[in-house]
Each structure stands twice: as structure tokens, then as C-alpha cells.
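Read the structure below first, then the notes.
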Amino acid sequence: MTTISRPPRIRARLRVPSDKSISHRALLFGALADGASVVERPLDSADVRSTARCLAALGAEIVWPPGSERASIRGRGLHGLSEPEDVLDCGNSGTTMRLLAGILAGQPLLAVLTGDASLRRRPMDRIVRPLQEMGATVFARMGNSRPPLVVRGGNLHPISYRSPVASAQVKSAVALAALFADGTTRYEEPSPSRDHTERMLAAMGASIRTEGKAIVIEPADRLTPLTIRVPGDISSAAPWLVLAVCHPDAEVLIEDVNLNPTRTGIIDILRAMGGEVAVLDLRHEGGEPVGALAARSSQLRGAEVAGALVPRAIDELPLVALAACFAQGRTVVRDAAELRVKESDRIAMVGAILGRFGVRVELFPDGFAVEGPQPLRGARIDAGGDHRMGMLAGVAGALADGETRVLNDAVEVSYPAFWRDLSAIAAGEGVPG
């Protein structure tokens, strides 16, 4: 259990953990390359370690000592993975399970993928259907909708697939399988989701292009190894942005953040609410835009969030509910039903957690609404084993009157040093990079 209270003043300069999405992909794609890849500053978290363990079980040689900021992967080539001797444990990581399923769909072997209790509740039918259409044998429990997931791959053919959801994980699973198909695959989604897969595969020599809301993927003979330095994760920067704009006396500078436009919805939302968030030192590293983010105390107003903005901020939307508590007027988030099937039902959890702080939240099947401003009072919070909910509770506690205690937070999944950094910020000590 962690205890938090509101600091009177915040002045912080920090580097947040490396981007989780890019870290996963660098390891996964490196395992398929012909030769050695190097990943500098991969996110050393439970989720990314799950990916590394699964790849090692498939025969990829990964050298990544505990605490090291460098991982090396000797790839096996597109067709060189080995059949695992045991079930592949993806832990809590939906990215690991879904992207690995796409890779395994193209391999002539049998694999079973499982995970913890939370992951075994998450929907997999969204990847099962297109992979089956491509010719892979894929099935799961509860009508092919829930893990464990069984994949027997090989002999794939191309498809033209229109996904009912905007999901980078589904898109990536199909794109990876398409590398092994015997023709051109087209994948379309309702609105653009994060495009790290497209950028990285293209950098490794794959033929993948964007056509409107669709991507088109050609089969590949080989992927070239990559050397990449992983920037900071905007999802891990978002709690500090919200803390800064909501706190009455705060200035925060976050260095080396990935600013891929498919991920920066939280910046657009906070700016629409009147938040003072600036981008500094914008540059490109490894095909991705990177820069610093500066945020400070702001006069916030209510805003509406819906449509194409939602997939660009899906993991940060619970924090928008918190920001709404400090805004003048009504903030509404819709078109976000995807929040229901994350590590927890995050719509219900937003209502429960903010409710414990004394906030009235109106819940919808696809979102929520908060009428602000509403004061927060300290509370005892159970984050339900969801890392995003743990960080939401921590930041809310740093903005509330009185003392807040958080348990079952699971922040080690994506931000192992979150509580250390929050304590340092609250104590005015600054935060180590």
C-alpha cells in the first residue's frame, strides 16, 4: 500500500520510462530479422519481459540482463522460430499475446499462449477471425473469444479485412501474419490507431504502405536487423501532464518523449481544455518524432472527446476524467467502449475510483461525463490490479485534500518507478532520469 498527499508546490524535470509499444515491437521484430538487432533503453517492465521470455522459448537469442539499458537480439529470420516445449506465458500483456499470435500464424508449428487472470478475460476473437480467414488454425475458449489461445500456423493467403474496431494490436497481428502470406493483404480500420508497427517494419525493409484508413502489406523474404533507441512513453508522461495542469502551483518538464501523432491525443485534449502544454526540441529518432513536453498550472474548461481522437488517447482517457474534476463545465468522453475490455473495465473503474474521492461521474456504455469543478478528498483506493488505474489513483491522491492510500496498483507492468517518482515530485526533490 502506498500513501500520497498533495504537495504545496511542484517543480519537476524527469524522463519517463521508455515506450512500451515500441519496446515490445523492437524485440518481436528483431527476433524475425536476419542477424543481430540492438535495442537501447527498452522498457524494463513486467509486460516487456513477458515478450522477451516468450521469444526465448521460441528459439530467439536475447541478451538483456536485469537492470540493463541494452538488449541484443539474434534474429532467427522470418521462418526460423522453433516450436516451444511448453505453453507461452504472456503474463498481463495483451500486446505480447496478440502480436505473437500474428507471428505464429505464419510459422509451421503449434503454440499455446496464455496469461494471468486479467489477460485471460480479454477479447481475442478480434484477432482469431482475421487469422482464421488467412488460413491459420486458431482457436480459444468461450467460442474463440478468450485465452488460452492455440495457434497452428503456416500456408497463409492474403485477405482484405475491415476491422470493426480501431486497434493497433489487431492491425499489427494481421500485418505480421501478412508477411507470410502468398499475396497482398489489405487491412482497414474505422479510424487510425497507433502506427509503430508500420514505421518499424518499413524501416526493416518490409513493403507496407498506408492508403487512407487502410494499410497494404506485401509478403516479405527477410527483415533487416535494426538498432533503435526507445524514447519515453507518452502514456507514462500523461499522469505528470495532468498533475501539472490541475495543480495550483506546478511546472513539469518531461524529456525525450515519443510524440508519434497517433499517440498524442492527450496533448490535444488537454489543450482543448485550456491546459498549457508545450512541445520543445522536436526531432526524429528511429523514424519516430521525439521531443520534450512542458506543462504548468492552468485554468481548465470542459471539453468533448469522441471519434477519431479516442484511439489516439485510449490509455489516457481515465486521466481526462481526473482533469475534468478541475475544469469549469462539463467534460464528456464517448466512443470509448474499448475501455471496457482493457486490463479492467476502465469505465467502471473510473467511476468507482473517482467516486471514492467524492467525485460524481456519469457513466455510459462507451464513456463517461464529469461536471466540474469538483473537489477531491483523500481516500483508500483499490486499483484492481490495473496499472493505469493505479497511476490514476496516485495522481488523484496528489491533487486531493487529505491522505490517500493505494493498493493493488500493478504499476510494475509499465512504470515500475512510478511511486518513487511521485514521491520525489511531491517532496520537491526532482526526479532522476
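The values are calculated or read from the model by the stated rules, or taken from the named source; none is laboratory data. Note that the structure is predicted; figures quoted are calculated from it, not measured. We place every Cβ from the backbone using ideal geometry, glycine too, and count neighbours over all the protein chains shown.
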Unmet criterion (only one of (1) surrounded by fewer than 18 Cβ atoms within 10 Å (Cβ to Cβ); (2) touching a residue at least 12 places away in the same chain (Cβ under 8 Å); (3) not in a strand (DSSP E or B); (4) not aliphatic (A, V, I, L, M)) for Gly355: (2)
How do the pairs read when you match residues in region 31-43 that are touching a residue at least 40 places away in the same chain (Cβ under 8 Å) with residues anywhere that are basic (Lys, Arg), using Cβ under 7 Å and keeping only pairs 6 or more apart or on different chains? Ala31/Arg76; Asp34/Arg222; Ala36/Arg74; Val38/Arg70; Glu40/Arg70; Glu40/Arg229; Arg41/Arg229; Leu43/Lys20
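Which one is surrounded by the fewest Cβ atoms within 10 Å (Cβ to Cβ), of the residues in region 68-101 that are charged (D, E, K, R) and within 16 Å of His24 (Cβ to Cβ)? Before you say what the answer is, go through the steps one by one.
Restricting attention to region 68-101, the residues satisfying the condition of being charged (D, E, K, R) are 69-70, 74, 76, 83, 85-86, 89, 98.
Still in the list and also within 16 Å of His24 (Cβ to Cβ): 89, 98.
Numbers: Asp89: 18, Arg98: 27.
Result: Asp89.
Going through region 340-390 one residue at a time, which ones are charged (D, E, K, R) and in contact with a strand residue (DSSP E or B) (Cβ under 8 Å, 6 or more places away or on another chain)? Explain how you work it out, then say what you get.
Just the residues of region 340-390 that are charged (D, E, K, R), to begin with: 340, 342-343, 345-346, 356, 360, 362, 366, 371, 377, 380, 382, 386, 388.
If the condition is that a residue be charged (D, E, K, R) and in contact with a strand residue (DSSP E or B) (Cβ under 8 Å, 6 or more places away or on another chain), then Arg356, Arg360, Glu362, Glu371, Arg377, Arg380, Asp382 are the ones that fit.
State which residue is nearest to the chain's Cα centre (by Cα) when the search covers only region 55-89 and only residues that are basic (Lys, Arg) and farther than 22 Å from Pro219 by Cβ.
In the first step, residues of region 55-89 are kept if they are basic (Lys, Arg); the result is 70, 74, 76.
Among the residues that remain, those that are also farther than 22 Å from Pro219 by Cβ are: 70, 74.
Values: Arg70: 21, Arg74: 25 Å.
Looking at the filtered set, the residue picked out is Arg70.
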Residue check, Pro225 assigned by TED's automatic domain parsing to the domain that holds His387, assigned to a loop (DSSP other than H, G, I, E, B) and either buried (at least 16 other Cβ atoms within 10 Å of the Cβ) or at negative phi (or both): no
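What do you reckon, is Leu176 buried (at least 22 other Cβ atoms within 10 Å of the Cβ), out of contact with any Leu (no Cβ under 6 Å at 6 or more places or on another chain), touching a residue at least 24 places away in the same chain (Cβ under 8 Å) and in the same structural domain as Leu99 (by TED's automatic domain parsing)? Talk me through it step by step, then tell me what you get.
Details: buried (at least 22 other Cβ atoms within 10 Å of the Cβ): yes; out of contact with any Leu (no Cβ under 6 Å at 6 or more places or on another chain): yes; touching a residue at least 24 places away in the same chain (Cβ under 8 Å): yes; in the same structural domain as Leu99 (by TED's automatic domain parsing): yes.
Judged against the criteria, Leu176 is a match.
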Residue check, Pro65 surrounded by fewer than 24 Cβ atoms within 10 Å (Cβ to Cβ), touching a Cys at 6+ places or on another chain (Cβ under 9 Å) and over 23 Å from Val290 (Cβ atoms): no
Is it the case that some residue within region 374-383 is free of Cβ contacts under 8 Å to residues at least 24 places away in the same chain, out of contact with any Cys (no Cβ under 7 Å at 6 or more places or on another chain) and either closer than 20 Å to Pro239 by Cβ or outside any loop (DSSP other than H, G, I, E, B) (or both)? no
Looking for whichever is free of Cβ contacts under 8 Å to residues at least 60 places away in the same chain, buried (at least 16 other Cβ atoms within 10 Å of the Cβ) and either out of contact with any helix residue (DSSP H, G or I) (no Cβ under 8 Å at 6 or more places or on another chain) or within 30 Å of Asp345 (Cα to Cα) (or both) here; the options are Arg122, Arg126, Arg162. Which one fits? Arg126
Identify, from the list Gly385, Gly390, Gly372, the residue that is out of contact with any helix residue (DSSP H, G or I) (no Cβ under 6 Å at 6 or more places or on another chain) and either not assigned by TED's automatic domain parsing to the domain that holds Pro261 or not basic (Lys, Arg) (or both). Gly385
Being under 30 Å from Ile22 (Cα atoms), in a loop (DSSP other than H, G, I, E, B), without any contact (Cβ under 8 Å) to a residue 60 or more places away in the chain and under 22 Å from the mean Cα position of the chain (by Cα), is that true of even one residue in region 289-302? no
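Which one of Leu300, Leu241, Leu259, Leu253 is at pLDDT 95 or above, buried (at least 20 other Cβ atoms within 10 Å of the Cβ) and within 24 Å of Ser423 (Cα to Cα)? Step through it out loud before you land on a result.
Working: Leu300 fails: within 24 Å of Ser423 (Cα to Cα); Leu259 fails: within 24 Å of Ser423 (Cα to Cα); Leu253 fails: buried (at least 20 other Cβ atoms within 10 Å of the Cβ).
The conditions single out Leu241.
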